[in-house]
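We did not get these values from a lab; they are worked out from the coordinates using the rules stated. Since the structure is predicted, the reported quantities are computational estimates derived from the model, not experimental observations. Cβ sites come from the backbone with ideal geometry, for glycine too, and all protein chains shown count toward neighbours.
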Amino acid sequence: MTSNHLLNLIGEQNKETRAAFPGKTYVIKFLEQLTELLFPAGTDRSEIDKSLALNDLKKSLNELINPLMPQRDFTTVRITGKYFESLPEIYGQLLLDAEAILEFDPAASSLEEIVLAYPGFHAITTYRLAHPLYIAGIPLLPRLMCEYAHRNTGIDINPGATIGKSFFIDHGTGVVIGETAVIGNNVKIYQGVTLGALNVRKEEAMKKRHPTIEDNVIIYSGSTILGGDTVIGHDSVVGGNVWLTRSVPPQSIVYNKSEIRVKSAAEKESTAINFVI
């Protein structure tokens with residue numbers, strides 16, 4: 001098969017997909033404008049400007065959803081209307097998230113700093129804006145939104161996850177939260193935490209594959225919690241670098257016991273420390 005023949009074949013196979021695929025740039029623009037509408041970050045907009053911006057965003061969402069839905073006209077309008085009706089509730093949830101960060105992070109000096117500079121808040125914002133579209137059955141669009149946040153923050157939250165109030169991701173790089181994960185209220189997780197599946201068999205795609213984290217749980221950096229039947233009981237603390245594939249009861253402390261030795265100068269001389277990997 002020649003290169004041209006292969007390219008033509010790929011072009012024919014992807015023709016229908018291209019027609020239904022919303023451009024990534026358009027998705028990102030919609031997400032950024034929607035975020036700016038919720039958190040203007042010091043911009044001085046009149047009520048008229050906000051109203052115009054809201055109407056433009058509704059039009060943009062219609063244009064993004066329309067090619068993705070089998071029953072377009074009425075379904076698209078209904079979903080768009082319901083989505084924008086939910087924005088006040090989403091905004092309220094995001095304020096609770098930002099307030100949780102302000103309360104528990106000594107380095108945070110203001111809500112404005114959190115909104116503008118915190119990658120954890122950016123990832124949570126994108127998730128909360130994408131999740132209702134996932135629930136509405138919109139294909140592709142919510143995933144593109146969350147992947148944009150993933151690219152910018154290193155935090156990978158699947159839009160299908162269920163996350164409660166006052167969620168705090170501290171630092172955040174390397175956090176992974178799977179599609180069927182359930183996270184309660186007042187949960188705090190650190191960088192490198194994975195809430196994943198025990199296996200990735202395709203036939204189990206519709207089952208609960210990711211863990212449940214109950215209220216008031218703290219999960220420290222580098223910990224991995226796997227499995228749809230795994231439940232971390234409320235008010236528990238999971239220490240750093242823990243690997244869990246089974247449930248723990250409420251008010252537990254889970255930690256990884258390791259031994260750290262500090263060698264003296266005499267011991268150090270007899271030990272090879274210049275490793276090559």
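With a cut-off of 10 Å between beta carbons, the residues surrounding residue 130 carry a summed charge of +1, where Lys and Arg count +1 and Asp and Glu -1.
Computed across the range 161-257, the Kirkwood radius stands at 12.9 Å (inverse of mean 1/r, all Cα pairs).
Taking θ as phi - 60° and the Karplus parameters 6.51, -1.76 and 1.60, the scalar couplings of the range 191-203 work out to 4, x, 7, 10, 10, x, 9, 6, 8, 10, 5, 4, 5 Hz in sequence order, x denoting glycine and proline. Remark: 25, 224 ranked as 25, 224, counting other beta-carbon atoms within 10 Å and listing the fewest first. In a reduced charge model with +1 at each Lys and Arg Cβ and -1 at each Asp and Glu Cβ, the range 161-257 shows a dipole moment near 200 debye about its Cα centre. Taking 0.36 nm per residue of separation and subtracting the current Cα-Cα distance, fully stretching the chain between residue 113 and residue 86 would add 7.2 nm.
Here the extension length gained between residue 261 and residue 200 equals 18.1 nm, from 0.36 nm per residue of separation less the Cα-Cα distance.
Taking θ as phi - 60° and the Karplus parameters 6.51, -1.76 and 1.60, the scalar couplings of the range 177-185 work out to 10, x, 4, 9, 5, 10, 10, x, 8 Hz in sequence order, x denoting glycine and proline.
Residues whose amide H lies under 5 Å from that of residue 227, counting only those 5 or more places away or on a different chain, are 196, 197, 198; hydrogens are built 1.01 Å from N in the peptide plane. Could you sort out which of 24/188; 24/50; 165/202; 188/257; 50/82; 165/208 sit more than 26 Å apart by Cα distance in this structure? Flagged as over cut-off: 24/188; 165/202.
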